[in-house]
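Bear in mind that the values in this text are calculations on the coordinates, not laboratory data. Just so you know, these numbers come straight off a predicted model, no measurement behind them. Backbone-built Cβ (ideal geometry, glycine too); neighbour counts: all protein chains shown.
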Amino acid sequence: MNCHEAGIWLGAYADGHVGALRRYSIQRHLRACTGCAVKHQGLLALRARLRAEAPYFKAPPELRARLQARFADTRATTTLAARAQSPRARPDQWLWLSGGALAGCAASVLAWLVTTTVVNWRVNGDRAVEAVAIHSRAVLSDRLIQVASSDRHTVKPWLSARLDYSPPVRDLAAEGFTLIGSRLDTLREQQVATLVYRHRQHIIDVFVEPESTRSLPEPRSVRGFNVAAARGTGMDWLAVSDISPDVLTAFVQRLADEHSRPIPPE
Ligand SMILES: [Zn+2]
């Protein structure tokens, strides 16, 4: 067995889906070839990580019914088309072929869905965790604010002079959220603008970055702090604070969408 052949069978081998003879050839190749052995280890590590970290969702019965109906439709269409093209082809054979192809497609779509979900979940999870770490460090240290001002006409130019984007800066003091200043942070290896607000005795950090294509983190609690995110006015907004999740979510929405309704007093 050479590396090319081993590459074809590694996935099935890692899942235990190869016969005894092929298993023996692969094992022998893996002992001799470091490159393929590394790929094999990578597959095992990925599988372990998916099992340990991927969120598990039970598909609702309606989804199962819808998929079955969709598959039945596609299979019927494919079979009819195949019969029309080749009248002598045995229907069973075409049914089997189209079914096999569909199963292949479904497996690819599922793999893609799982990967995308896991990657988004990891990236967002990491963002939220890192944002909370930055927030708690800033609150405890004397690095909470680099430019102290409740005047957005001071804060905005200070940020635009240091970043290649210019985040909208709004003061919501009338609604109980006073802008107290700003600073620069590094979140996921990107420099970001952090707007600092005070609501009663609570500090709220809002990390603002140009709008991305990734999905936003779900509202959640990390080490006792709440995290909420919103997208709007060309920016991604990620807020961290110890205020209640509802208030934090309303506040970050309010920042992201200037046409949103004022936050009602508690
Ligand atoms: Zn090899």
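If neighbour count is taken as other Cβ atoms inside 10 Å, put Ile180, Ile204, Ile243, Ile8 in order from fewest to most.
If I rank by nearby Cβ atoms, fewest first, I get Ile8, Ile180, Ile243, Ile204.
Taking 0.36 nm per residue of sequence separation and subtracting the Cα-Cα distance, how much length would be gained by fully extending the chain between Arg220 and Asp246, in nm to one decimal?
Computed gain between Arg220 and Asp246 is 8.3 nm.
Pull out a ≥ b ≥ c, the square roots of the eigenvalues of the alpha-carbon gyration tensor of the stretch 3-53, then state rounded if a/c is under 1.5, prolate if not and a/b is larger than b/c, and oblate in the remaining case.
Judged from the Cα gyration tensor, the stretch 3-53 comes out oblate (a/c at least 1.5, b/c at or above a/b).
Can you compute 3J(HN,Hα) from phi for each residue in the stretch 213-227, using the Karplus curve 6.51 cos²θ - 1.76 cosθ + 1.60 with θ = phi - 60°, rounded to whole Hz and x for Gly and Pro?
Whole-Hz 3J(HN,Hα) from phi for the stretch 213-227: 9, 6, 6, 7, x, 5, x, 7, 10, 10, 6, x, 10, 9, 10.
First check a/c for the stretch 141-264, with a ≥ b ≥ c the square roots of the eigenvalues of its C-alpha gyration tensor; if it is under 1.5, answer rounded, and if not, answer prolate when a/b is larger than b/c or oblate otherwise.
rounded
With 10 angstrom as the radius, rank Tyr24, Tyr13 by how many other C-beta atoms surround their C-beta, starting from the fewest.
Tyr24, Tyr13
Taking the number of other C-beta atoms within 10 Å as the exposure measure, put Asp246, Asp164 in order starting with the fewest.
So the ranking, lowest neighbour count to highest, is Asp164, Asp246.
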